[in-house]
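Read the structure below first, then the notes.
Bear in mind these aren't lab numbers, they're just calculated from the coordinates by the rules spelled out. Just so it is clear, the structure is predicted and the values come from calculations on it, not from any experiment. Every residue, glycine among them, receives a Cβ derived from its backbone with ideal geometry; neighbour counts consider all protein chains shown.
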């Protein structure tokens, strides 16, 4: 399940420069192209897709960073609470 557009909006409200591929009309972009786009734009990929962990492991690069979420409750409000808790010192 992809992360919701609501989650990108939440991250922006928290002061992050977050974008969602759907907002850019790129929701069908293949994972390797997403990975390369994130590397070029110096972004962090936040995902529940294990494939991005594999792409990072085998890319032999340090960019982009990947935050791989493995949670049972994937509702946007639960995910947003977890992200907020993770970023609060």
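To the nearest 10 degrees, how steeply does helix 50-59 sit against the main Cα axis of the chain, on a 0 to 90 scale? Relative to the chain, helix 50-59 is tipped by roughly 40 degrees. Sorted fewest first by neighbouring Cβ atoms within 10 angstrom, 58, 35 come out as 58, 35. In this simple spin-label model, placing a label point 7 Å from the Cα along the Cα-to-Cβ direction at both residue 44 and residue 81 gives a separation of 2.1 nm.
Hey, what angle do you get for helix 31-40 against the long axis of the chain, alpha-carbon based, 0 to 90 degrees rounded to 10? Between helix and principal axis, roughly 90 degrees. Structure remark: mean-square fluctuation, Gaussian network model of the chain, C-alpha springs under 10 Å; the largest value among 76, 30, 64 belongs to 30.
Axis of helix 76-87 versus longest Cα principal axis of the chain: the two differ by about 80°, to the nearest ten degrees.
Full extension of the chain segment joining residue 27 with residue 73 gains 14.3 nm, where the gain is 0.36 nm per residue of separation less the Cα-Cα distance. Shape verdict for region 20-81, please, from the Cα gyration tensor: rounded (a/c under 1.5), prolate (a/b greater than b/c) or oblate. It is oblate, given that a/c is not under 1.5 and a/b is not larger than b/c. Summary of the geometry: region 71-89 and region 7-45, compared by the centres of their Cα atoms, lie 18 Å apart. Would you work out the relative contact order for the chain, in percent, from Cα pairs under 8 angstrom that are 6 or more residues apart? Computed over the chain, the figure is 28 percent.
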